[in-house]
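Remarks on the structure that follows.
The values are calculated or read from the model by the stated rules, or taken from the named source; none is laboratory data. For clarity, every value in this text was computed on a predicted model and none was experimentally measured. Cβ placement follows ideal geometry from the backbone for every residue including glycine, while neighbour counts extend to all protein chains displayed. When the accessible area is computed, the model is the full protein with side chains, heavy atoms only, and any ligands, DNA or RNA have been set aside. Shrake-Rupley method; radii C 1.70, N 1.55, O 1.52, S 1.80 Å.
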Amino acid sequence: MTQRNNKYGAILLVVLLACLNLGTSQAQDRYVGEFGLFGGDSYYNGDANNRKIFYENHLAYGGLLRYFINDRAVLKLDVVRGKVSGDTRNFENMLPNGAEASFEQKYWDVGLHVEHNFLKYGFESWDREVKRHTPYVLIGPGLTVYEHWRGNHITFNLTFGVGYKFKLWKRWNLGFEWSMRKLFVDNFDVVSPESKILNDPYRMGYQPLKNNDYYTCAMVFVSVDLIKRKSKCNVLRK
């Protein structure tokens, strides 16, 4: 009876050690989320620039928080401070009757986006499917706060974009993200009475899917993983 107890005790010890080693490997790659900072360019598309991308770029910067739902799905909160500008004199046949207008606009953007990783993302671990790099896509709603000649305005936006990130070390990430913000207003470029013509210049009327302004952010970010998830021993779970 003593030998049998010793045998079971040895098996239990091996199982516990295996669980401990597995938990240690998982803990290297399993975190609740991450915090990061980013910076890059912001540019505008609308009635004062309806064709060119990466035109009249201005500095944009901010911070982000990510929450890892699972290995592929991520929920991200970000805050952007940026600036855009446009000038119809840089284009031909822009406005009716040869009218001209220009503007500069500063804005705050707060967004809540869902990201989907195409690969299981993390540092090397027992899981061979985990990769140190992955492309991803994102979509989600946001709020834009901008200056209007009659006062500050707040409007909703729809953000969509793509990105690519790389695991520099166990907790450190480096990535690039390109995202476009579609506004549901046409007065983002109206900053003075002189630029009022940029609000529906062709008198098309309000259309949610047309005749609205956009701004785009191209960012490089650095982030660090936060708060380890507790590992569990699944072998002993009933």
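Pairs from the list Lys83/Lys182; Lys52/Lys106; Lys167/Lys230; Lys106/Lys167; Lys120/Lys170 with a Cα-Cα gap above 25 Å: Lys106/Lys167. Here the translational diffusion coefficient of the stretch 129-189 follows from Stokes-Einstein with Rh set to the Kirkwood radius across Cα pairs; for 4 °C and 1.567 mPa s it amounts to 93 µm²/s. Computed from the C-beta positions of Leu95 and Leu143, the FRET efficiency with R₀ = 30 Å rounds to 0.55. Considering all different alpha carbon pairs of the stretch 21-120, the Kirkwood hydrodynamic radius works out to 16.7 Å.
For Phe160, nonlocal amide neighbours, meaning residues 5 or more places apart or on other chains whose placed amide H falls under 5 Å from its own, are Met180, Lys182. The alpha carbon centroids of the stretch 82-115 and the stretch 127-170 are separated by 20 Å. Taking only the C-alpha atoms of the stretch 73-198, the Rg (one decimal) and the largest Cα-Cα distance, Dmax (whole number), read 19.6, 67 Å. Take Leu59: with every protein chain present and a 1.4 Å probe, its accessible area is about 120 Å². What FRET efficiency do you get for Arg150 and Leu37 if R0 is 25 Å and r is their Cβ-Cβ distance, rounded to the nearest 0.05? For R0 = 25 Å, the calculated efficiency reads 0.15. Across Asp71, Asp213, the residue with the most accessible area heads the list, and the full order at a 1.4 Å probe is Asp71, Asp213.
For the stretch 163-179, 3J(HN,Hα) computed residue by residue from phi via the Karplus equation (6.51, -1.76, 1.60; θ = phi - 60°) reads x, 8, 9, 9, 7, 5, 8, 3, 10, 9, 10, 10, x, 10, 9, 10, 9 Hz, glycine and proline entered as x. In the full protein context, the stretch 35-119 carries 50 Å² of accessible surface per residue, based on a 1.4 Å probe and ignoring ligands, DNA and RNA. Within straight-line reach of Lys228, meaning a Cα separation under 14 Å, sit the following aspartates and glutamates at least 8 residues removed in sequence or on another chain: Asp29, Glu34.
Maximal additional length on extending the Lys230-Glu129 stretch stands at 34.3 nm, based on 0.36 nm per residue less the C-alpha distance. Largest to smallest in accessible area, the residues Phe176, Phe38, Phe156 fall in the order Phe156, Phe176, Phe38 (1.4 Å probe, all protein chains included).
With all protein chains in place and a 1.4 Å probe, the accessible surface of the stretch 93-175 carries 61 percent carbon and sulfur.
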